[in-house]
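The values are calculated or read from the model by the stated rules, or taken from the named source; none is laboratory data. On a predicted model such as this, the values are computed, not experimentally measured, just so you know. Note: ideal-geometry Cβ built from the backbone for every residue, glycine included; neighbour counts use all protein chains shown.
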């Protein structure tokens, strides 16, 4: 059912009352140093959820993550990386780029009980860290999450994360294997595998050539209205 004009007006009033800081500074974003993304969208938005769906192997998701860590370090921004599959390799990056990083390593599936998954633990960590004013960037890495776990994530949980970041100056970036985050203000798609010579090339030129496809870009109010109308 579509929301009525009266309902939308009420939602706008509620949003203005609850998140005045978020509304007073529209368009804020963290520049990524990836020209195609920064020119098209200004970077990844602050006070919002961004999804990067990596729908094929070797499409540049590690480059994207490394670039986020590099720009965050350059800006002395504290970063939390929630690693659902415990797959992050810190030795692949310069040590200096890790000095502002908090690495949250989730247990492996073999170490968990039948009713708990690494994905659920990662989501709980994201919900906690999204409310921590000490961080400017939180990355939730679900690229290797089992398909069954992704399907079981309830939609309201994503909107809870959205509401958690809206009154903050924090960017929440979720890495997924397919589009999965209904509350994302910005959804990017990486679907083109790198060529055979990519492994031997320098990281910075490769990152500069990344061209994520923008599948969705909308305002925070649009997200709220969409949730109400659904």
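Here is how the numbers come out for the structure above:
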read-out: Among the candidates 35, 5, 57, residue that is under 19 Å from residue 142 (Cβ atoms), at pLDDT below 95 and out of contact with any strand residue (DSSP E or B) (no Cβ under 9 Å at 6 or more places or on another chain); value: 57
read-out: Hey, residue 72 under 23 Å from residue 177 (Cα atoms), buried (at least 21 other Cβ atoms within 10 Å of the Cβ) and in contact (Cβ under 8 Å) with a residue 60 or more places away in the chain or not; value: no
read-out: Only one of 143, 163, 151 that is over 26 Å from residue 191 (Cβ atoms) and either in contact (Cβ under 8 Å) with a residue 24 or more places away in the chain or in a helix (DSSP H, G or I) (or both); value: 163
read-out: Hey, residue 68 in contact with a helix residue (DSSP H, G or I) (Cβ under 9 Å, 6 or more places away or on another chain) and either within 24 Å of residue 31 (Cβ to Cβ) or modelled with pLDDT under 90 (or both) or not; value: no
read-out: Residue in region 120-137 that is under 19 Å from residue 55 (Cβ atoms), touching a strand residue (DSSP E or B) at 6+ places or on another chain (Cβ under 9 Å) and surrounded by 19 or more Cβ atoms within 10 Å (Cβ to Cβ) present; value: no
read-out: Which listed residue is at pLDDT 95 or above and under 24 Å from residue 56 (Cα atoms), from 81, 129, 157, 101; value: 81
read-out: Within region 79-91, tally of residues that are surrounded by fewer than 18 Cβ atoms within 10 Å (Cβ to Cβ) and under 14 Å from residue 141 (Cβ atoms); value: 4
